[in-house]
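What follows is a short report on a single structure.
The values are calculated or read from the model by the stated rules, or taken from the named source; none is laboratory data. As the structure is a prediction and not an experimental result, all values here were calculated from the model. With ideal geometry, Cβ positions are generated from the backbone for all residues, glycine too; neighbour counts draw on all protein chains shown.
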Amino acid sequence: MDQATTRAERLTLGDPLRGLAALAVVVFHVTISAAFIGAGSAAIFGEEVFGAAHTTLFSLSAAVHVFFVLSGYLLMRPFARWLVGGAQRPQLVRYGLHRLMRIGPAFWLAVLATAVLVGSKGAPDREFLDLALLVHGWDSQSEIGQAMPQAWTLDIEALFYLLLPIGALLAAGLLGAARGQLVRAGVLLAGIAALCLGTLAWSSAANTVAESQVPPKFLFAFTPGMALAVLEPLLAPRARGAAWARHAQLPLLVGSLLAFVLLVRTDAASFGTRDALATLSSAALMSAVVLRQWHGTRAWRTLDQPVLHALGRWSYGVYLAHTIVLDVTEPVFRDVGGVWPTLLVGCAVVIPLSVLVAAASWRFVERPALALADHLAARWRTRRAGAADRAETVAASAGVP
């Protein structure tokens, strides 16, 4: 693949969206800390200590759905090009190595740092093993999430990484010799819709938030991005320069905002409805971004900024490090006085320090790990090619046609 093709296929605003979502999660966790410092448990159970902004601040946790929709779209794209567009099947070994090395090393380092600097916060120490293996979220009674409260999303991501290629291979067998992109896309979209509705209903039926976030119950969060990836081979060529693709972007952005407003106004106990609205808001936002790229219009300059692209590259490190930074630095802003000053000072301390740690993580952990994944995948391809050549030579020497 040449450089021009790579640039054309890259989602221009993927990194900025990811970076802003990570910042929203940081602010959410600092908000919780500031509320507890200022008002104790009353801030969480009814007392709106931040006034009119209280429910909005406490709804910023919905930003994790942006990660899920992005993952669904970006990881499904090569499989959709294969299943719908007739492209070559993605290299599964390379896919697996990239997924493992993308989340594994930095996460394990963060787990170690949490164990040393934060502790288990009352959970049995043995649960750190479940945390490191990305399985603690399967047990809704697990307590180790108090030490690393964002880790539940990575359990869900890990399950999605595992199931996606399996599902794609099963879909390829189901589609068989089905002809026509429209038919193949229709079958895939029907399957994705069933996955969305089934897992959303399963999650919404849970009695607690922890039960609703058990990984297989949360797969609905990826389905909007998956659907966009399936539609891409059909719609992207037609959207290029088309008026409908240009005019649809603003309504999608407005719809995203309205869904988030409804989420803010929905009772916290209705977690199924809130999750559905968060997914809908993220899906509409992502659809507007993708449609703009399909149309061929330059990305919105407000978001297409070097600082936001850098933040996006470092977003995984920010996401992993910020709770450790928050726990370590909380004494610095604990006695500021008042929930708003505590929140503002807390953000002023936690955000830049988390970004610094994340930049170091990208430079010294994440980027080298991805380079290693590329190297291992290349060696695997070379060995496979060598084995195929040797088999061909043996067959030819034996007179096998």
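Would you list the helices (runs of 4 or more DSSP H) that sit entirely within region 1-94 and hold 3 or more residues that are farther than 30 Å from R179 by Cα and at pLDDT 95 or above?
14-39, 64-83
Within region 68-110, track down each residue that is farther than 19 Å from L370 by Cα and not aliphatic (A, V, I, L, M).
Within region 68-110, F68, G72, Y73, R77, F79, R81, W82, G85, G86, Q88, R89 meet the criteria.
What number of residues within region 240-259 are in contact with a His (Cβ under 8 Å, 6 or more places away or on another chain) and not in a helix (DSSP H, G or I)?
Of the residues in region 240-259, 3 are in contact with a His (Cβ under 8 Å, 6 or more places away or on another chain) and not in a helix (DSSP H, G or I).
Scan region 117-148 residue by residue and report those that are among the β-branched types (V, I, T) and either assigned to a loop (DSSP other than H, G, I, E, B) or within 22 Å of W314 (Cβ to Cβ) (or both).
V118, V135
When A210 is evaluated against the numbered criteria (1) surrounded by 14 or more Cβ atoms within 10 Å (Cβ to Cβ); (2) more than 24 Å from the chain's Cα centre (by Cα); (3) touching a residue at least 24 places away in the same chain (Cβ under 8 Å), which criterion, by number, is the only one it fails?
Of the numbered conditions (1) surrounded by 14 or more Cβ atoms within 10 Å (Cβ to Cβ); (2) more than 24 Å from the chain's Cα centre (by Cα); (3) touching a residue at least 24 places away in the same chain (Cβ under 8 Å), the odd one out for A210 is (2).
Just a yes or no: is a residue in region 235-254 touching a Ser or Thr at 6+ places or on another chain (Cβ under 6 Å), surrounded by fewer than 22 Cβ atoms within 10 Å (Cβ to Cβ) and under 26 Å from E157 (Cα atoms)?
yes
I'd like to check something: does region 62-69 contain any residue that is buried (at least 24 other Cβ atoms within 10 Å of the Cβ) and in contact with a Gly (Cβ under 8 Å, 6 or more places away or on another chain)?
Yes, that holds for at least one residue.
Any residue in region 96-110 that is among the small types (G, A, S), touching a Pro at 6+ places or on another chain (Cβ under 9 Å) and more than 24 Å from A385 (Cα to Cα)?
no
Within region 277-296, how many residues turn out to be closer than 22 Å to Q213 by Cβ and buried (at least 21 other Cβ atoms within 10 Å of the Cβ)?
Residues flagged as closer than 22 Å to Q213 by Cβ and buried (at least 21 other Cβ atoms within 10 Å of the Cβ) within region 277-296 amount to 8.
Only one residue in A185, A229 is assigned to a helix (DSSP H, G or I) and farther than 21 Å from V66 by Cα, so which one is that?
A185
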